[in-house]
Amino acid sequence: QKVSVEVLEHLEHLALVDFRDAEGVERLQKAIQFADQLHEVNTDGVEPMDSVLEDRCLYLREDDVTEGNCTKELLENAREKVEEYFVAPPGNIPLPKLEERETFLQGS
């Protein structure tokens, strides 16, 4: 199943994933083929679930804080920060021009 340029562009903007090369497009196509198998499953009469553990009572544990006040140490791991916040994602992925994406799609 071919993936259109518009779908690639939409996914890149949503997920900030770069599908610039043929390998990325091929991986996406394989993932779509794998997910398409779900259309073959007969779900007639099956009610949607809120959770896979609907029939069990889930118990919450106490939230015991064992350490803290480590903001400075955590922010040392940030590639880029503003005030006391991580900047995520670190910069935007430069997206290819429309013509470049079309050439990769034609080759796949």
Using 1/(1 + (r/R0)^6) with R0 = 41 angstrom and r between the beta carbons of THR43 and GLU76, what's the FRET efficiency to the nearest 0.05? 0.25
For LYS30, go through the aspartates and glutamates and keep the ones whose alpha-carbon is under 13 Å away, minus same-chain ones fewer than eight residues off. none
Note: GLU6 to GLU67 extended length (0.36 nm per residue) minus current alpha-carbon separation gives 17.2 nm
Note, region 29-37: 3J(HN,Hα) by Karplus (6.51, -1.76, 1.60, θ = phi - 60°), whole Hz, Gly/Pro = x, goes 5, 5, 5, 5, 4, 5, 5, 5, 4
Tell me, what is the 1.4 Å probe accessible area of ASP55, in Å² to the nearest 10? 130 Å²
Can you give the Kirkwood hydrodynamic radius of region 1-40 from its Cα pairs, in Å with one decimal? 10.7 Å
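Would you mind getting the accessible area per residue of region 1-40, heavy atoms of the protein chains only, 1.4 Å probe, in Å²? Before the final figure, lay out each step's value.
Working: 3050 Å² over 40 residues.
Result: 76 Å² of accessible area for each residue.
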A correct Karplus calculation of ³J(HN,Hα) over region 68-73, with 6.51 cos²θ - 1.76 cosθ + 1.60, θ = phi - 60°, whole Hz and x for Gly and Pro, returns x, 6, 10, 4, 4, 5
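Going by average Cβ density within 10 Å per residue, which order do the peptides 57-64, 18-25, 34-41 take, highest to lowest? Could the numbers behind the result be given before it?
Details: 57-64: 5.0, 18-25: 15.8, 34-41: 8.0.
The peptides rank, most packed first, as 18-25, 34-41, 57-64.
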How large, in percent, is the carbon and sulfur part of the accessible surface of region 1-40 at a probe radius of 1.4 Å? 57 percent
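The values are calculated or read from the model by the stated rules, or taken from the named source; none is laboratory data. As the structure is a computational prediction, the values presented were derived from the model and not from experiment. Note that each Cβ is placed from the backbone with ideal geometry, even for glycine, and that neighbours are counted across all protein chains shown. The area values use the complete protein model at the heavy-atom level, side chains included, leaving out ligands, DNA and RNA. Shrake-Rupley method; radii C 1.70, N 1.55, O 1.52, S 1.80 Å.
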